[in-house]
């Protein structure tokens, strides 16, 4: 089995909001009729993509936030917009993690200095 080499954000919907997604998405006819069916397709797709060396990273999408994003960007609620939004959220998460990691070394140094002073 090959090691995944490419990570891709994938929008994952909250089960309780799936009916609302179907009601608001411009491409609702392309979506599965239930969240359970959609989720099964997602799992199958993840397996196929992993076999090709691509790793799908779940990004939970709240519809209130998605709709606000669509309005701010003046974009329709379509699969491409939802994919773009998931990638945007994943990018934000990575930036936040990077900032935390940059702060950690200075926190660790402060802790070491305090330990030395206490001796």
Please work out which one of (1) over 18 Å from residue 69 (Cα atoms); (2) over 15 Å from the mean Cα position of the chain (by Cα) is the condition residue 22 fails and give its number. (1)
Checked the stretch 49-61 for anything surrounded by fewer than 13 Cβ atoms within 10 Å (Cβ to Cβ) and under 13 Å from the mean Cα position of the chain (by Cα); matches are 60
Check the stretch 79-91 and report whether any residue there is surrounded by fewer than 12 Cβ atoms within 10 Å (Cβ to Cβ) and at pLDDT 95 or above. yes
Residue pairs qualifying under the 7 Å Cβ cut-off, at least six apart or on distinct chains, with the first in the stretch 76-103 being touching a residue at least 24 places away in the same chain (Cβ under 8 Å) and on the phi > 0 side of the Ramachandran plot and the second being surrounded by 11 or more Cβ atoms within 10 Å (Cβ to Cβ) and assigned to a helix (DSSP H, G or I), are none
When the residues of the stretch 74-104 are narrowed to those that are part of a helix (DSSP H, G or I) and in contact with a helix residue (DSSP H, G or I) (Cβ under 8 Å, 6 or more places away or on another chain), which ends up farthest from residue 26 (Cα to Cα)? 88
What is the one condition in (1) in contact (Cβ under 8 Å) with a residue 40 or more places away in the chain; (2) in a helix (DSSP H, G or I); (3) out of contact with any helix residue (DSSP H, G or I) (no Cβ under 6 Å at 6 or more places or on another chain) that residue 48 does not satisfy? (1)
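May I ask you to say which residue of 26, 16, 37, 67 is over 23 Å from residue 92 (Cβ atoms) and in contact (Cβ under 8 Å) with a residue 24 or more places away in the chain? Explain how you work it out, then say what you get.
On the way: 16 fails: in contact (Cβ under 8 Å) with a residue 24 or more places away in the chain; 37 fails: in contact (Cβ under 8 Å) with a residue 24 or more places away in the chain; 67 fails: over 23 Å from residue 92 (Cβ atoms).
Selected residue: 26, the only one of 26, 16, 37, 67 that is over 23 Å from residue 92 (Cβ atoms) and in contact (Cβ under 8 Å) with a residue 24 or more places away in the chain.
The values are calculated or read from the model by the stated rules, or taken from the named source; none is laboratory data. None of the values given here were measured: they were computed from a predicted structure. All Cβ positions, glycine included, derive from the backbone under ideal geometry; neighbour counts span all protein chains shown.
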